[in-house]
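The values are calculated or read from the model by the stated rules, or taken from the named source; none is laboratory data. Keep in mind it's a predicted model, so treat the numbers as computed, not measured. Heads up, the Cβs are rebuilt from the backbone with ideal geometry, glycines too, and the neighbour counts pull from every protein chain shown.
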Amino acid sequence: MTGTLTSNSAKIPFNDRYFGDLRATPWTNRSPESLRQAFRDQGYLFLKRYLDRGEVLDQRSKYFAGFPSSLFKPGTRQEDGIFSGAFPTDLPPHGASDHPAHPFVRTREFERFVDSERLQFLSQILLEHSVTRLRRTPLRHFVRGRSVASRAHIDFSYLDCGTSELVTIWIPIGDCPLRAGGLIYLEDSQQIEFASVRTALSSDRAHDHRPLTHELQELADLTGRRWLWADFEAGDIVVHSPFMAHASVNSETDLMRVSTDVRYARSDAPVDPRWRSDWSATDGF
Ligand SMILES: O=C(O)CCC(=O)C(=O)O
């Protein structure tokens, strides 16, 4: 680990003090109780090759099919999602109704993908109950040169009008090495009471109380924790608790970062009404 990473406008040294490994959880032939125990202990499960790589890459290919060819590096296959370095000037804002991500999350194929039995089965194990999927499934797409990343947050700040008996499943739609804009998790942060911590944190979004901060180094210093990272491959997933802090780093590679985050809740629990409809980046949630 060497060098520096950036998240939005803030830098953080990529070294042993600030970063550690997101440990893959062995999941084959594992008892439900031991998976639950690992989830409780760590706040996450990182399951390598849990989904079929070909099915994940098929979603990537279908997503990129909606874009003009100028988004892609000449000589590369559009389905691989290799950035040309120039964003088409006439592309609508990400996730607005006329942007390709908007119809994409409404396709039958994408719905089938996020409703997969494997994801339901895992959520049922972790929640020890039958589950329902929250309909709103954001589609994230980050490219190099834009300095846009996810600020540090816990999911419950965005879902606090319903049950906390839910899990989030983060799915990279394609390979996603750290420097392509990978998701990172603040170690053991599911144990932190953030209400007291957040008052000491900087924010570049004074009007929005939901993100903890854009300053990932400051959050690591204040809590004495490290950020856990991995080079994700298509087929990997991370399941996390709604109280586990996470963020992402800026994309610096030609490989574009595409992902979705899917949530399952106990089927008998009240669902936050803001999460009952299909996602649109302009829905304000
Ligand atoms: O993909 C990202 O950068 C953010 C995802 C996220 O916040 C989540 O999965 O809860």
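Does any residue of the stretch 253-261 turn out to be among the small types (Gly, Ala, Ser), touching a residue at least 60 places away in the same chain (Cβ under 8 Å), more than 14 Å from the ligand (Cβ to nearest atom) and in contact with a strand residue (DSSP E or B) (Cβ under 7 Å, 6 or more places away or on another chain)? No - not one qualifying residue is present in the stretch 253-261.
Only residues in the stretch 137-150 that are within 7 Å of the ligand (Cβ to nearest atom) count as the first member; pair them with residues that are modelled with pLDDT of 95 or more and of a type in the set (Lys, Arg), Cβ under 9 angstrom, at least 6 apart or cross-chain, and list the lot. Matching pairs, first to second residue: Arg140/Arg257; Ser150/Arg140.
Only one entry in Leu186, Leu201, Leu126, Leu159 is in contact with an Asp or Glu (Cβ under 6 Å, 6 or more places away or on another chain) and aliphatic (A, V, I, L, M), namely Leu159. Given the criteria within 30 Å of Thr6 (Cα to Cα) and within 16 Å of the ligand (Cβ to nearest atom), does Phe104 qualify? Against the criterion (within 30 Å of Thr6 (Cα to Cα) and within 16 Å of the ligand (Cβ to nearest atom)), Phe104 qualifies. Could you please find all residues in the stretch 58-81 being surrounded by fewer than 19 Cβ atoms within 10 Å (Cβ to Cβ) and not in a loop (DSSP other than H, G, I, E, B)? Asp58, Ser61, Lys62, Ser69, Ser70, Gln78, Glu79, Asp80 - these are the residues of the stretch 58-81 that are surrounded by fewer than 19 Cβ atoms within 10 Å (Cβ to Cβ) and not in a loop (DSSP other than H, G, I, E, B).
For Leu119, the conditions (1) within 16 Å of the ligand (Cβ to nearest atom); (2) part of a loop (DSSP other than H, G, I, E, B) all hold with the exception of (2). Look at Thr89 and say whether it is polar (S, T, N, Q) and modelled with pLDDT under 95. Considered against the rule, which asks whether it is polar (S, T, N, Q) and modelled with pLDDT under 95, Thr89 comes out as yes. Pairs only if they're at least six apart or on different chains, beta carbon under 6 angstrom, first in the stretch 111-135 and over 23 Å from Gln42 (Cα atoms), second assigned to a helix (DSSP H, G or I); list them, first residue then second. Once the first residue is over 23 Å from Gln42 (Cα atoms) and sits in the stretch 111-135, its partners that are assigned to a helix (DSSP H, G or I) give Phe113/Gln59; Leu134/Trp275.
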